[in-house]
Every structure is written in C-alpha cells, then in structure tokens.
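One structure is given below, encoded as structure tokens.
The values are calculated or read from the model by the stated rules, or taken from the named source; none is laboratory data. Quick caveat: nothing in here was measured; it's all calculated off a predicted structure. Here the Cβ is made from the backbone with ideal geometry for all residues, glycine too, and neighbour counts use every protein chain on show.
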Amino acid sequence: MEETKKRTRKTAAVKEEKMAKKAPAAAKTAAEKKPAAKRTTAKKQEVLQIGELDQYLFGQGTHYDIYKKLGAHLTKRKGKEGVYFAVWAPHAKDVHVVGDFNGWNTGVTPMKRLEPLGIWEAFVPGVQEDCLYKYYILTEKGQELYKADPFASASELRPGNASKVADISKFRWTDNTWMTKRTEKNPDEEPMSIYEVHPGSWKKHPHNPDTEDGFYSYQEFAHSLVEYVKDMGYTHVELMGIAEHPFDGSWGYQVTGYYAPTARYGSPTDFKYLVNYLHKNKIGVILDWVPAHFPKDAHGLAEFDGTCCYEYADPRKGEHPDWGTKVFDFGKNEVKNFLIANALYWIEEFHVDGLRVDAVASILYLDYGRKDGQWCPNIYGGNKNLEAIEFFKHLNSVVRGRNHGTVMIAEESTAWPKVTGKPEDDGLGFSMKWNMGWMHDFLEYMKLDPYFRQFNHNLMTFSLTYAYSEKYILVLSHDEVVHLKCSMINKMPGLYDDKFSNLKAGYSFMLGHPGKKLLFMGQDFGQLREWSEERELDWYLLAEEKHSELQNYVRALLHLYQKNKALYDSDQRYEGFEWINANDNTRSIFSFVRHSQDGKNNLLFVINFTPMARPDYRVGVPKKKQYRLVLNSDAAEFGGSGKEQPEVYRAVQSECDGRPYSFAYDLPAYGVAVFKF
C-alpha cells in the first residue's frame, strides 16, 4: 500500500512539473489547490529535490510550503539514507555544506546550482538527525561566509549557532478535537483573554551546574503553565521568543532561525508537545512573529550570499537606525515567500492558533524611526511602503484563507486605516489589532493622583469613540513593565493598600471595555519589580495577603469574562456597549452596560476611581428589572472590608443618569460592582 502511495505521489509531482512547463498559470492554480505539503513526505520519499515547479512557484512568491524543499530533510536516494540540503543563495559563487559529518571541511561536500533562481542543492548520504551543519558560501568578491540555514527546523543551543538536522514529522498529535472546533468558530465572537508569557523567565529551576540557565523544558513548561492558566481563567497564551535568536536580551525579537523553535527549552518535537498539551486543555496558542527586521549576526540572514539577499540594498530602506537591524526586502517575491511560508509553517506544522505580528508600523512607513534624508519615498513621493502593504494583504489572505479560525494580530501603533479591514476593501486583512491608544490613555489616567482624575476624565472615555473602527485587543504587555517604566502595581498612586485598590479598579474597567484582553505575566498578582528576562517572576510575593488577594480578584474577573457572553460576543457591535454615565467626572465614577447578542446575558458595571466611599450611590438602569450582584471588589477574599451587601437589587421608577429607572448601592472607596440582569 505504501509503495502504491509513493508511486502515486511521484506521478502527481511529474504531472505538475509538466504542467508548469506548458502553462505556468495553470500549474500555480493547481499547486494552490493542492499544497506541496501533500506531495512530499520526509524520510519515506525516495526522491526529494527541487523541481521546475518549485522554482516557478518560489519565484512567484506562492510556494506556500517551500520549507518542505529548502532546508535540510532526511530522505533516501538510490537506497541510501541521508539528508537533502537546499538553500537559496542567488549571488553566491560557490556553496558547500559543512558540518560535524564531514569535519567542517569546506572541500568535501559541494552543492549544485539550479537555474534560474540560484538555489543550491546536495544530497549527502549518511547524515543523520541531530547533525550540526552550516553553509559555506564563497561570494563573488571572494569572501568566505559560514551561514546557518534560513529554513533549518532546529538550531544549536547558543552560544553555538549552527543549524541542526531535525525530523519534525515524528510527533503524533492528539489535539484533533481542538483543531476541528477551531475551524467552526468565529474568533470575533469568542472569548479571548491572553496571558503573555516569556518561557525563559516565567519560572526557573534552582541553580544547577548541569542546567546553568535554569530554564524549564518545553514539556515542564507545558504542565506548569497549563495548571496556572486554567486556574486563573485565561483562554490563550501568547509566547514570546520561540523562534531561534542568539541574544537573550532581545527577548526573541531579533531572530536568526525563523523556522527553528529555540533550543533553549528543547527540540521542535518538544515544542509540539507544548502546543498539543495546551490544546488538550482547551488553551489557545499565539506566537510572537517578527517580519519587521532581523539582526546582523554573521551567521544570520544579513548579506546572506555576500549581497543584500533578504534585505533592501538601499540602506535608507534596508536598515533600522534605531535598532541596528536589517529590514526585509518586500519587493522580492522569494523574500515574501520566505515569510509567508514561515507564518504557515508555525500554524500548519506546529498547530499554533495565531501570530501576533510585531512592529507593523515600522514596516508600513518608510520614514519610521528615520530623520529627513534618511529615508527613501515611494514612487508617488509618499512615506508608505507600497510593497509591504501588498505583502500584508497577501500574507493575511493566505494564512486566514487556509486556516479558518486562526488569528493574525497586528501590533500597529498608529492610526493607519483598515488594519483589520478586508484586503478587497483596501484593508490589510488582520484579524485583530493591539489597541495602543487605549493602553496609553488608560495608563496615563491610572498614574494620576485620584484628585486630578476628575480633570482627565476623557482619557477613559475617548477610546469608546473609536472602539469599533478596528477589531481591537486591549493590551497591558511586557513593553509597559520594562525600561524604567515601573511594574504595573508601582505605576499606581497612593500608599501600599491604595496601589492594589487602584489596580483592581483599573483591571475591572479593562475587562468591561469592548475588545479582547491581554495581560503580561506577573501583572495578575502585582509583581513589584520590573520584568527582566534574566530571572523568574517573584512568585514568593503570593505568600503576602495583598498579592494573593489581587490574584484572587483577577481570577474572578477572568472567570466572569468566560462565563458571560456579554463581555465578548459583541466586541465588534455598537449595540454591545452602552454608557449609563460617562460624564460623572467630579466623582470619577464610570457606569456602563455590556449587552450580549441574545439579550439574556447583560452586565452593569459601576467603578469608582477615588478613595471616597459613596453610600447609597444611585445608578440609572435601562430596564425595570432585578439586578444581581455578581462581582464585588469589597469582598474579604479580594482584600476588601468584607461588608455584606444584598445580592439582588430591584430597579424602581426614580430618574437617574437620564433613565426613568434606577437603584441605590453602597459603593466603597475604589469600589467595583458588577450586576447581571
């Protein structure tokens, strides 16, 4: 049966190559309908090589699983087991594979150049999994370069930087239920409370000479993380620094191995275990993804074949002055293909549920971070990168079109229009966008002494004027707790107890505001120190009452969020949010309603942002109904007074907040009350 399958696949591949010769457009259509991943199977395939169809599609920027051909792949040729190596180096004079299998000798394993794209290939018998290798590249100017494989599935643990032969097909997935349900869901109407986490500093083992870094392995991290995330009530995790990177201090944002899960925590198979285990526990997985730039490390993508292969040749476009990094050339089909295939690789090969795309604004604007004279305008004289706009439309159309239910999230910090709009409507096609404007205004308000909040009331209401212009995620990310910005708890004004009360009120407003949610690790229990990748979170703080009470409160918020559709199924609908009183600035109190689509699950929020208690605070309500108290920040378990409050309040005909009906409630200092009706 297996031999029959082999012959069938081989016949299909030959037919497609003939089709490419006769009608390239037809071949392209056939390949898109039937991804190349279906045509090649590592190890079991007798002949693995780059064909004319592969080159054609790669040259067009539409070979969406080019990683099945480029890179290092275990295979057989003429009955001999070994590895097929292939690398794109169009301007190289000569390329050899060097590794521990040939003593790193540059004269032993030459590669053959394929025209017209300048792909180099070689089959090396006897090479096995876990062998280390690099490409020795002789440039047209006579330079000798030793480059890691851009398409390597695994890398050597830093400080080593060689690529490693890996078979990523061995893992047996058991997340079929999750993957099936994912395709049936509309992310816009599903709960999404994201726990942003850096695996290397979440928790560490005590110092051990054999594991100097103290990192949890992917498998250890999986079990520890799932236990915490399920208990707290997060729906997703967003993982920082998964793609291989040489410098810990970059947090994974200066990538050299785009196709390789970092070796810091284990192998690619181990990373699959992590994703699989999260899925089995009904937790979604989002990865940070960095198509904006890459570092200049000698073994990386920079001037890969002695020329600007992956980056723009013009330094005004090809380098970020602020970051000292290279910028991908979005005008080259092969470079766009490298990135689009990489996005698909993580989603289709590793089952991740979405990508958070870093630094989108730096890609879209040609003058981003550049002074006059340091940037090159587009053909119309403007500052928009037209090639990057096309790239994002292409990327998001393909990724979301092939993987329904996945999300592409933009970290875009400007007012660029239609970031989450449809490409056919001149949008960029992202699923969601980080709401950086809300984050900035929210933190500015929360830092204020409560007395001065009355004069800055609009900082909390302004975001509702544009809340539906894009599909937003409200974020309090790692960027807000580094570089002397203070931890979240230490941004809050007042004495020790006041800081915790302020933060609980702030998190409550965030939860009630339209949009999905994201919190960085440590923020949910009041981490005191700024985050550092060099140490684990200060988990010992949970032995102190105030920190454990804050954690209890955030846990209650997150479970309230998951249990009530009003907080998520109408995030994109104007009807989902209704102000009761947006203008009570003298008392710095906000009241509003979140409506569910079916109208059966509505929540009324009342939040007091001052230390002044308001006995018999009266709030207007939409209907003459019963209002049941479902969250009270003054409860003893949250560090409140523990004063008993009635569970049910009946609205009476008494005008308040411009409403004919209202009820009175004893609102404590910094009090938060959420009612269901």
How many residues of segment 124-165 are in contact with a Lys or Arg (Cβ under 9 Å, 6 or more places away or on another chain) and either assigned to a loop (DSSP other than H, G, I, E, B) or polar (S, T, N, Q) (or both)? The answer is 20
The one condition residue 433 fails out of (1) within 18 Å of residue 354 (Cα to Cα); (2) touching a helix residue (DSSP H, G or I) at 6+ places or on another chain (Cβ under 6 Å) is (2)
| message | Going residue by residue through segment 646-664, is there one that turns out to be in a loop (DSSP other than H, G, I, E, B) and closer than 30 Å to residue 548 by Cα? | response | yes
Picked from segment 483-495 (must be among the hydrophobic types (A, V, I, L, M, F, W, C) and more than 22 Å from the chain's Cα centre (by Cα)), the residue farthest from residue 422 (Cα to Cα) is 495
Pairs returned, first residue in segment 533-544 that is under 17 Å from residue 207 (Cα atoms), second residue that is assigned to a helix (DSSP H, G or I) and of a type in the set (Gly, Ala, Ser), beta-carbon separation under 6 angstrom, 6 or more apart or interchain, are 533/201; 536/201
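Residue by residue, here is whether (1) outside any helix (DSSP H, G or I); (2) buried (at least 21 other Cβ atoms within 10 Å of the Cβ) holds:
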{"residue": "269", "(1), (2)": "no, no"}
{"residue": "272", "(1), (2)": "no, yes"}
{"residue": "277", "(1), (2)": "no, no"}
{"residue": "306", "(1), (2)": "yes, no"}
{"residue": "313", "(1), (2)": "yes, no"}
{"residue": "335", "(1), (2)": "no, yes"}
{"residue": "338", "(1), (2)": "no, yes"}
{"residue": "348", "(1), (2)": "no, no"}
{"residue": "367", "(1), (2)": "yes, no"}
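Kindly provide the set of residues from segment 167-187 that are part of a helix (DSSP H, G or I) and touching a Ser or Thr at 6+ places or on another chain (Cβ under 8 Å), ordered by number.
Applying the first criterion (part of a helix (DSSP H, G or I)) to segment 167-187 yields 176-184, 187.
Matches in segment 167-187: 182, 187.
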The lone condition residue 356 fails out of (1) basic (Lys, Arg); (2) touching a strand residue (DSSP E or B) at 6+ places or on another chain (Cβ under 7 Å); (3) surrounded by fewer than 23 Cβ atoms within 10 Å (Cβ to Cβ) is (3)
Restricted to segment 373-431 and to residues being out of contact with any Gly (no Cβ under 7 Å at 6 or more places or on another chain) and of a type in the set (Asp, Glu), the residue surrounded by the most Cβ atoms within 10 Å (Cβ to Cβ) is 412
Of 561, 507, 496, the only residue that is among the hydroxyl-bearing types (Ser, Thr, Tyr) and surrounded by fewer than 16 Cβ atoms within 10 Å (Cβ to Cβ) is 496
Going through segment 309-342 in order, the residues found to be in contact with a His (Cβ under 9 Å, 6 or more places away or on another chain), hydrophobic (A, V, I, L, M, F, W, C) and at pLDDT 95 or above are 309, 327, 328, 340, 341
Among 470, 480, the single one that is part of a loop (DSSP other than H, G, I, E, B), in contact (Cβ under 8 Å) with a residue 40 or more places away in the chain and either crowded, with 16+ Cβ neighbours inside 10 Å or more than 24 Å from the chain's Cα centre (by Cα) (or both) is 470
All-but-one check, residue 669 against (1) in contact (Cβ under 8 Å) with a residue 12 or more places away in the chain; (2) aliphatic (A, V, I, L, M); (3) surrounded by fewer than 17 Cβ atoms within 10 Å (Cβ to Cβ), failing number (3)
Among (1) in a loop (DSSP other than H, G, I, E, B); (2) in contact (Cβ under 8 Å) with a residue 24 or more places away in the chain, residue 415 falls short only on (2)
